[in-house]
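Right, one structure below, let's go through it.
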Number of protein chains: 2
Amino acid sequence: MDQDKAVAALAALAQDTRLSVFRLLVKAGPDGMIAGSLAQAMDVPPSTMSHHLAKLEQAGLAISWRTSRLIHYAADYAGMQALLGFLMADCCQGDPQMCDSLLSSIRCDAVSEGAPA
Amino acid sequence: MDQDKAVAALAALAQDTRLSVFRLLVKAGPDGMIAGSLAQAMDVPPSTMSHHLAKLEQAGLAISWRTSRLIHYAADYAGMQALLGFLMADCCQGDPQMCDSLLSSIRCDAVSEGAPA
DNA sequence: ATGACATTTCGAGAAACGTAAAAATATCGA
DNA sequence: TCGATATTTTTACGTTTCTCGAAATGTCAT
(Lines give C-alpha, C1' and ligand atoms only; values in the text may rest on other atoms or scores of the structure.)
Protein backbone atom coordinates (compact mmCIF):
# COMPACT_ATOMS: atom_id res chain seq x y z
CA MET A 1 0.00 0.00 0.00
CA ASP A 2 1.52 3.29 -1.11
CA GLN A 3 0.15 6.80 -1.00
CA ASP A 4 -1.53 6.64 -4.39
CA LYS A 5 -3.29 3.37 -3.64
CA ALA A 6 -4.41 4.70 -0.28
CA VAL A 7 -5.89 7.81 -1.88
CA ALA A 8 -7.68 5.63 -4.44
CA ALA A 9 -9.06 3.35 -1.72
CA LEU A 10 -10.21 6.27 0.42
CA ALA A 11 -11.80 7.95 -2.61
CA ALA A 12 -13.61 4.71 -3.37
CA LEU A 13 -15.09 4.73 0.13
CA ALA A 14 -15.77 8.48 0.19
CA GLN A 15 -19.09 8.21 -1.59
CA ASP A 16 -22.43 7.45 -0.05
CA THR A 17 -23.51 4.54 -2.24
CA ARG A 18 -20.08 2.95 -2.36
CA LEU A 19 -19.54 3.19 1.39
CA SER A 20 -22.91 1.53 1.96
CA VAL A 21 -22.11 -1.18 -0.54
CA PHE A 22 -18.73 -1.83 1.00
CA ARG A 23 -20.19 -2.14 4.48
CA LEU A 24 -22.89 -4.40 3.10
CA LEU A 25 -20.21 -6.60 1.56
CA VAL A 26 -18.25 -6.60 4.81
CA LYS A 27 -21.33 -7.86 6.56
CA ALA A 28 -22.14 -10.33 3.81
CA GLY A 29 -18.84 -12.14 4.21
CA PRO A 30 -16.80 -14.21 1.77
CA ASP A 31 -19.77 -15.36 -0.32
CA GLY A 32 -20.46 -11.75 -1.22
CA MET A 33 -23.54 -10.52 -3.05
CA ILE A 34 -24.85 -10.43 -6.61
CA ALA A 35 -24.37 -7.19 -8.58
CA GLY A 36 -28.06 -6.96 -9.34
CA SER A 37 -29.02 -7.44 -5.71
CA LEU A 38 -26.71 -4.63 -4.73
CA ALA A 39 -28.28 -2.34 -7.33
CA GLN A 40 -31.70 -3.21 -5.94
CA ALA A 41 -30.61 -2.82 -2.34
CA MET A 42 -29.17 0.63 -3.03
CA ASP A 43 -31.98 1.61 -5.41
CA VAL A 44 -29.75 2.66 -8.29
CA PRO A 45 -29.74 1.56 -11.95
CA PRO A 46 -27.51 -1.40 -12.87
CA SER A 47 -25.12 0.78 -14.85
CA THR A 48 -24.59 3.12 -11.93
CA MET A 49 -23.96 0.23 -9.57
CA SER A 50 -21.58 -1.36 -12.05
CA HIS A 51 -19.61 1.87 -12.15
CA HIS A 52 -19.38 1.97 -8.35
CA LEU A 53 -18.44 -1.69 -8.06
CA ALA A 54 -15.71 -1.24 -10.65
CA LYS A 55 -14.29 1.59 -8.60
CA LEU A 56 -14.32 -0.47 -5.42
CA GLU A 57 -12.63 -3.34 -7.21
CA GLN A 58 -9.99 -1.12 -8.83
CA ALA A 59 -9.30 0.34 -5.40
CA GLY A 60 -8.57 -3.13 -4.06
CA LEU A 61 -11.54 -3.13 -1.71
CA ALA A 62 -13.69 -5.69 -3.49
CA ILE A 63 -13.24 -8.79 -5.56
CA SER A 64 -15.63 -10.30 -8.10
CA TRP A 65 -16.26 -13.59 -9.84
CA ARG A 66 -18.81 -14.92 -12.22
CA THR A 67 -21.28 -17.75 -11.67
CA SER A 68 -23.06 -18.30 -14.95
CA ARG A 69 -24.93 -15.06 -15.60
CA LEU A 70 -24.48 -13.67 -12.11
CA ILE A 71 -21.50 -11.68 -10.93
CA HIS A 72 -20.61 -11.90 -7.26
CA TYR A 73 -18.89 -9.12 -5.36
CA ALA A 74 -17.26 -9.58 -1.98
CA ALA A 75 -15.23 -7.34 0.30
CA ASP A 76 -11.47 -7.64 -0.17
CA TYR A 77 -10.36 -8.02 3.43
CA ALA A 78 -6.69 -7.92 2.48
CA GLY A 79 -7.20 -4.57 0.82
CA MET A 80 -9.08 -3.20 3.79
CA GLN A 81 -6.34 -4.43 6.07
CA ALA A 82 -3.67 -2.73 3.96
CA LEU A 83 -5.55 0.55 4.00
CA LEU A 84 -6.05 0.55 7.76
CA GLY A 85 -2.41 -0.36 8.25
CA PHE A 86 -1.37 2.55 6.10
CA LEU A 87 -3.56 4.98 8.02
CA MET A 88 -2.30 3.71 11.35
CA ALA A 89 1.38 3.72 10.39
CA ASP A 90 3.48 5.76 12.78
CA CYS A 91 0.40 6.48 14.86
CA CYS A 92 2.16 5.59 18.07
CA GLN A 93 5.65 6.94 17.54
CA GLY A 94 6.71 8.18 20.93
CA ASP A 95 3.50 7.15 22.62
CA PRO A 96 2.46 3.49 22.24
CA GLN A 97 -0.27 3.93 24.83
CA MET A 98 -2.21 6.34 22.64
CA CYS A 99 -2.17 3.88 19.77
CA ASP A 100 -3.16 1.02 22.01
CA SER A 101 -6.18 2.82 23.39
CA LEU A 102 -7.24 3.71 19.88
CA LEU A 103 -6.99 0.15 18.64
CA SER A 104 -8.58 -1.43 21.67
CA SER A 105 -11.76 0.52 21.05
CA ILE A 106 -11.94 -0.91 17.57
CA ARG A 107 -11.66 -4.52 18.60
CA CYS A 108 -14.68 -6.47 17.47
CA ASP A 109 -15.98 -7.15 20.94
CA ALA A 110 -15.71 -3.46 21.73
CA VAL A 111 -17.38 -1.98 18.63
CA SER A 112 -20.54 -0.18 19.63
CA GLU A 113 -21.24 2.35 16.91
CA GLY A 114 -22.73 1.19 13.62
CA ALA A 115 -23.40 -2.21 15.06
CA PRO A 116 -26.59 -1.85 17.10
CA ALA A 117 -27.50 -4.80 19.27
CA MET B 1 -20.12 8.56 13.66
CA ASP B 2 -22.87 8.19 11.10
CA GLN B 3 -22.75 7.54 7.39
CA ASP B 4 -22.55 11.20 6.40
CA LYS B 5 -19.72 11.95 8.78
CA ALA B 6 -17.85 8.88 7.63
CA VAL B 7 -18.16 9.94 3.99
CA ALA B 8 -16.93 13.42 4.90
CA ALA B 9 -13.97 12.01 6.82
CA LEU B 10 -13.05 9.62 4.03
CA ALA B 11 -13.37 12.40 1.44
CA ALA B 12 -11.09 14.55 3.56
CA LEU B 13 -8.46 11.82 3.49
CA ALA B 14 -9.00 10.92 -0.16
CA GLN B 15 -6.74 13.64 -1.48
CA ASP B 16 -3.01 13.50 -1.89
CA THR B 17 -2.02 16.63 0.00
CA ARG B 18 -4.53 16.12 2.79
CA LEU B 19 -3.62 12.48 3.33
CA SER B 20 0.04 13.46 3.60
CA VAL B 21 -0.80 16.26 6.00
CA PHE B 22 -2.92 14.00 8.15
CA ARG B 23 -0.21 11.39 8.38
CA LEU B 24 2.30 14.10 9.16
CA LEU B 25 0.04 15.29 11.97
CA VAL B 26 -0.39 11.75 13.24
CA LYS B 27 3.37 11.46 13.45
CA ALA B 28 3.75 14.94 14.95
CA GLY B 29 1.61 14.03 17.93
CA PRO B 30 -0.49 16.20 20.26
CA ASP B 31 1.61 19.35 19.82
CA GLY B 32 0.75 19.39 16.15
CA MET B 33 2.32 21.65 13.56
CA ILE B 34 2.01 25.26 12.43
CA ALA B 35 -0.16 25.98 9.38
CA GLY B 36 2.67 27.78 7.62
CA SER B 37 5.08 24.92 8.22
CA LEU B 38 2.61 22.49 6.73
CA ALA B 39 2.25 24.70 3.63
CA GLN B 40 6.03 24.73 3.29
CA ALA B 41 6.37 21.01 3.91
CA MET B 42 3.79 20.22 1.24
CA ASP B 43 4.99 22.95 -1.11
CA VAL B 44 1.61 24.58 -1.63
CA PRO B 45 0.52 28.21 -1.16
CA PRO B 46 -0.87 29.17 2.25
CA SER B 47 -4.38 29.64 0.87
CA THR B 48 -4.39 26.15 -0.58
CA MET B 49 -3.15 24.64 2.66
CA SER B 50 -5.72 26.61 4.64
CA HIS B 51 -8.44 25.15 2.46
CA HIS B 52 -7.18 21.62 3.05
CA LEU B 53 -6.76 22.10 6.78
CA ALA B 54 -10.29 23.47 7.05
CA LYS B 55 -11.58 20.38 5.33
CA LEU B 56 -9.69 18.07 7.67
CA GLU B 57 -10.96 19.98 10.66
CA GLN B 58 -14.57 20.02 9.44
CA ALA B 59 -14.28 16.28 8.92
CA GLY B 60 -13.31 15.81 12.55
CA LEU B 61 -9.83 14.58 11.74
CA ALA B 62 -7.87 17.62 12.96
CA ILE B 63 -8.14 20.24 15.64
CA SER B 64 -6.61 23.70 15.68
CA TRP B 65 -5.73 26.41 18.18
CA ARG B 66 -4.08 29.76 18.03
CA THR B 67 -0.86 30.84 19.73
CA SER B 68 -0.43 34.52 19.05
CA ARG B 69 -0.06 34.78 15.31
CA LEU B 70 0.49 31.07 14.70
CA ILE B 71 -2.21 28.49 14.22
CA HIS B 72 -1.47 24.95 15.32
CA TYR B 73 -3.05 21.90 13.76
CA ALA B 74 -3.00 18.46 15.32
CA ALA B 75 -4.55 15.12 14.42
CA ASP B 76 -7.88 14.45 16.09
CA TYR B 77 -7.32 10.95 17.39
CA ALA B 78 -10.89 10.62 18.58
CA GLY B 79 -12.15 11.37 15.10
CA MET B 80 -9.76 8.86 13.57
CA GLN B 81 -10.85 6.28 16.09
CA ALA B 82 -14.52 6.89 15.30
CA LEU B 83 -13.89 6.52 11.59
CA LEU B 84 -11.98 3.27 11.93
CA GLY B 85 -14.64 1.95 14.26
CA PHE B 86 -17.31 2.75 11.71
CA LEU B 87 -15.42 1.02 8.92
CA MET B 88 -14.82 -2.05 11.05
CA ALA B 89 -18.36 -2.32 12.37
CA ASP B 90 -19.91 -5.71 11.67
CA CYS B 91 -16.65 -6.84 10.09
CA CYS B 92 -16.63 -10.05 12.04
CA GLN B 93 -20.28 -11.06 12.11
CA GLY B 94 -20.22 -14.81 11.89
CA ASP B 95 -16.47 -15.05 11.80
CA PRO B 96 -14.60 -13.36 14.67
CA GLN B 97 -11.34 -14.98 13.61
CA MET B 98 -11.26 -13.08 10.34
CA CYS B 99 -11.63 -9.78 12.15
CA ASP B 100 -9.00 -10.70 14.70
CA SER B 101 -6.41 -11.54 12.08
CA LEU B 102 -7.17 -8.27 10.33
CA LEU B 103 -6.73 -6.21 13.48
CA SER B 104 -3.68 -8.04 14.74
CA SER B 105 -1.78 -7.04 11.63
CA ILE B 106 -2.53 -3.40 12.36
CA ARG B 107 -1.21 -3.47 15.90
CA CYS B 108 1.57 -0.94 16.36
CA ASP B 109 4.27 -3.52 16.97
CA ALA B 110 3.21 -5.31 13.80
CA VAL B 111 3.02 -2.35 11.42
CA SER B 112 5.59 -2.74 8.69
CA GLU B 113 4.37 -0.74 5.72
CA GLY B 114 4.66 3.03 5.70
CA ALA B 115 6.91 2.94 8.73
CA PRO B 116 10.36 2.09 7.43
CA ALA B 117 12.95 1.29 10.06
C1' DA C 1 -1.96 54.05 15.03
C1' DT C 2 1.10 51.95 11.71
C1' DG C 3 3.43 48.31 9.46
C1' DA C 4 4.74 43.53 9.20
C1' DC C 5 3.51 38.86 9.65
C1' DA C 6 0.36 34.57 9.65
C1' DT C 7 -3.66 32.85 8.09
C1' DT C 8 -8.23 32.77 6.18
C1' DT C 9 -11.91 34.03 2.92
C1' DC C 10 -13.36 35.09 -1.67
C1' DG C 11 -13.63 34.25 -6.49
C1' DA C 12 -12.89 31.98 -10.83
C1' DG C 13 -11.11 28.59 -14.03
C1' DA C 14 -9.75 23.73 -14.91
C1' DA C 15 -10.19 19.04 -13.81
C1' DA C 16 -12.44 15.11 -11.79
C1' DC C 17 -16.69 12.82 -10.29
C1' DG C 18 -21.63 10.93 -10.14
C1' DT C 19 -25.42 9.73 -12.71
C1' DA C 20 -27.97 7.15 -15.94
C1' DA C 21 -29.80 6.21 -20.70
C1' DA C 22 -28.36 3.57 -24.71
C1' DA C 23 -25.73 0.17 -26.80
C1' DA C 24 -22.69 -3.76 -26.34
C1' DT C 25 -21.24 -8.14 -24.21
C1' DA C 26 -21.85 -12.58 -21.96
C1' DT C 27 -24.62 -16.51 -20.54
C1' DC C 28 -28.36 -19.59 -20.48
C1' DG C 29 -32.73 -22.18 -21.92
C1' DA C 30 -35.55 -23.72 -25.58
C1' DT D 1 -30.06 -19.91 -33.41
C1' DC D 2 -33.19 -17.00 -30.99
C1' DG D 3 -34.90 -14.49 -27.16
C1' DA D 4 -34.40 -13.43 -22.35
C1' DT D 5 -31.56 -12.27 -18.47
C1' DA D 6 -27.42 -10.09 -16.09
C1' DT D 7 -23.95 -6.98 -16.38
C1' DT D 8 -20.70 -3.85 -18.40
C1' DT D 9 -19.14 -0.21 -21.54
C1' DT D 10 -19.93 3.98 -23.86
C1' DT D 11 -21.34 8.49 -23.90
C1' DA D 12 -23.04 12.71 -22.14
C1' DC D 13 -24.27 16.25 -18.89
C1' DG D 14 -24.51 18.60 -14.52
C1' DT D 15 -22.13 18.99 -10.11
C1' DT D 16 -18.43 19.06 -7.11
C1' DT D 17 -13.64 19.55 -6.10
C1' DC D 18 -8.94 21.44 -6.47
C1' DT D 19 -6.05 25.21 -7.02
C1' DC D 20 -4.23 29.68 -6.13
C1' DG D 21 -4.06 34.87 -6.68
C1' DA D 22 -6.09 38.80 -4.45
C1' DA D 23 -8.23 40.81 -0.73
C1' DA D 24 -9.64 40.63 4.09
C1' DT D 25 -8.87 39.37 8.99
C1' DG D 26 -6.38 38.82 13.18
C1' DT D 27 -2.10 39.56 15.93
C1' DC D 28 1.96 41.69 17.52
C1' DA D 29 5.93 45.14 17.98
C1' DT D 30 7.08 49.76 17.85
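The values are calculated or read from the model by the stated rules, or taken from the named source; none is laboratory data. Note that the structure is a prediction, hence the values are computed from the model and not measured. Note: ideal-geometry Cβ built from the backbone for every residue, glycine included; neighbour counts use all protein chains shown. Note: areas computed on protein heavy atoms with side chains; ligands, DNA, RNA excluded. Shrake-Rupley method; radii C 1.70, N 1.55, O 1.52, S 1.80 Å.
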Only residues that are under 30 Å from A:L38 (Cα atoms) and either part of a helix (DSSP H, G or I) or at the interface with another protein chain (Cβ under 8 Å from one of its Cβ atoms) (or both): list them for region A:65-100, please. A:Y77, A:A78, A:G79, A:M80, A:Q81, A:A82, A:L83, A:L84, A:G85, A:F86, A:L87
Which residue pairs have Cβ atoms closer than 7 Å, lie 6 or more positions apart in sequence or on different chains, and pair a first residue in region A:1-23 that is touching a residue at least 60 places away in the same chain (Cβ under 8 Å) with a second residue that is assigned to a helix (DSSP H, G or I) and more than 12 Å from DNA strand D (Cβ to nearest atom)? A:M1/A:A82; A:M1/A:L83; A:M1/A:G85; A:M1/A:F86; A:A6/A:L83; A:A6/A:F86; A:A9/A:G79; A:A9/A:L83
Do the conditions hold for A:D31, that is, is it on the phi > 0 side of the Ramachandran plot, out of contact with any Lys or Arg (no Cβ under 8 Å at 6 or more places or on another chain), more than 8 Å from chain B (Cβ to nearest Cβ) and without any contact (Cβ under 8 Å) to a residue 60 or more places away in the chain? no
The lone exception for B:G79 - which of (1) without any contact (Cβ under 8 Å) to a residue 60 or more places away in the chain; (2) open to solvent by less than 40 Å² (accessible area, probe 1.4 Å) it fails: (1)
Out of curiosity, is A:A62 facing another protein chain (nearest Cβ under 10 Å), modelled with pLDDT of 90 or more, under 12 Å from the mean Cα position of the chain (by Cα) and under 20 Å from B:L13 (Cβ atoms)? no
On the given criteria, is A:A39 within 10 Å of DNA strand D (Cβ to nearest atom) and either in contact (Cβ under 8 Å) with a residue 60 or more places away in the chain or of a type outside the set (V, I, T) (or both)? yes
Among the residues in region A:1-11, are any of a type in the set (S, T, N, Q) and more than 10 Å from chain B (Cβ to nearest Cβ)? no
Just to be sure before I move on: is A:A39 more than 16 Å from DNA strand C (Cβ to nearest atom), open to solvent by less than 20 Å² (accessible area, probe 1.4 Å) and in contact with a helix residue (DSSP H, G or I) (Cβ under 7 Å, 6 or more places away or on another chain) in the structure I sent? no
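Every residue, every condition in (1) part of a helix (DSSP H, G or I); (2) more than 10 Å from DNA strand D (Cβ to nearest atom); (3) surrounded by 14 or more Cβ atoms within 10 Å (Cβ to Cβ), yes or no:
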residue	(1), (2), (3)
A:V44	no, yes, yes
A:E57	yes, no, yes
A:I63	no, yes, yes
A:L102	yes, yes, yes
Applying the selection to region A:4-20, what residues are in a helix (DSSP H, G or I) and open to solvent by 40 Å² or more (accessible area, probe 1.4 Å)? A:D4, A:K5, A:A8, A:D16
Considering only residues that are touching a Leu at 6+ places or on another chain (Cβ under 8 Å) and away from DNA strand D (no atom under 15 Å from the Cβ), look in region B:27-36 and name the one that is most open to solvent (accessible area, probe 1.4 Å). B:M33
What do you reckon, is B:G94 modelled with pLDDT under 95 and at positive phi? yes
